[in-house]
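Right, one structure below, let's go through it.
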Amino acid sequence: MLPLHLEHYGILIRCATRDDKPAWISLAEDVAEIFGNPNMPRDAEFHSYMEGKISKNEALIAVTQDTGECLGVIGFSKTHNRITWFGVFEKHRERGIGSELLRLALAQLDSSRSITVETYRAGYAPGEPARHVYHKFGFVDVDNTIYDHLGNPRCRMEIAPGNCRTVTSR
C-alpha cells in the first residue's frame, strides 16, 4: 500500500523518515498557532514525539514527486488505535491531501476497534477544516470536556468499530 503515488497529482505519500524532520518542524511552525501551541516547533517533547513516530513507522508524509516538498504529515498510534498528529501546510489545503493522509493512516489502524482522535471543538474556526475531514471519514464527537496538556479545549472524536467510511481518492 505504501508508498502511494498519486501520479496525476504529482504527490507521493510514504512513511516519514528522520530526513523528513526539518520539513515536519517547518509544518509545525505553520500550524502551531492553530494547534494553540506556538512553541511546538522548539518543544523537546514534540521532537521526541516525532522520533518515536518515525522509529515505529507511525507517521506518513505527503510530498511532491518532483521536488520532494512536504505538503502534510499525519501521525498515528497502532497501540492506542488513534490519530495523534495531523497537519497540512496552509498553502496546500483544499486539495484533498489531508483526506489522502487520513485515509492511509486509518488503513494502518484496526477498524474492528474504536479509532479516536483529539481535535478542536466545534466552533473553533481554524479547526473546522480538520473537523470536516474527520466527519467525512465517519468520526463523531464523543467528549467535549477534555483539554490538551496546555489547557486548550479539545474534543474527542471516534469511529465506532466497523463504521469507518471508505472515502475514495480525489
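The values are calculated or read from the model by the stated rules, or taken from the named source; none is laboratory data. Everything quoted here is computed from the prediction, not taken from an experiment. For the accessible areas, the whole protein counts, side chains as well, though only heavy atoms, and no ligand, DNA or RNA atoms are used. Shrake-Rupley method; radii C 1.70, N 1.55, O 1.52, S 1.80 Å.
As a check on your grasp of the helix formula, calculate [θ] at 222 nm for the chain: sum -39500 (n - 2.57) over DSSP H runs of n ≥ 4, divide by the residue count, round to the nearest 500.
Working: 4 runs with 47 residues, N = 170.
Estimated from H runs of four or more residues: -8500 deg cm²/dmol.
Distances longer than 20 Å among the Cα atoms of segment 17-170: what percent of all pairs is that? Tail of P(r) above 20 Å: 47 percent of Cα pairs.
Excluding ligands, DNA and RNA, the accessible surface per residue across segment 61-170 is 49 Å² with a 1.4 Å probe.
Amide H contacts under 5 Å for Q65: I11, L12, restricted to partners 5 or more places along the chain or on a different chain, H placed in the peptide plane at 1.01 Å from N.
Build a GNM of the chain with springs between Cα atoms under 10 Å apart, and of A107, A28, A44 the one that fluctuates most is A44.
Within the chain, antiparallel bridges make up roughly 95 percent of the DSSP beta bridges whose residues both belong there.
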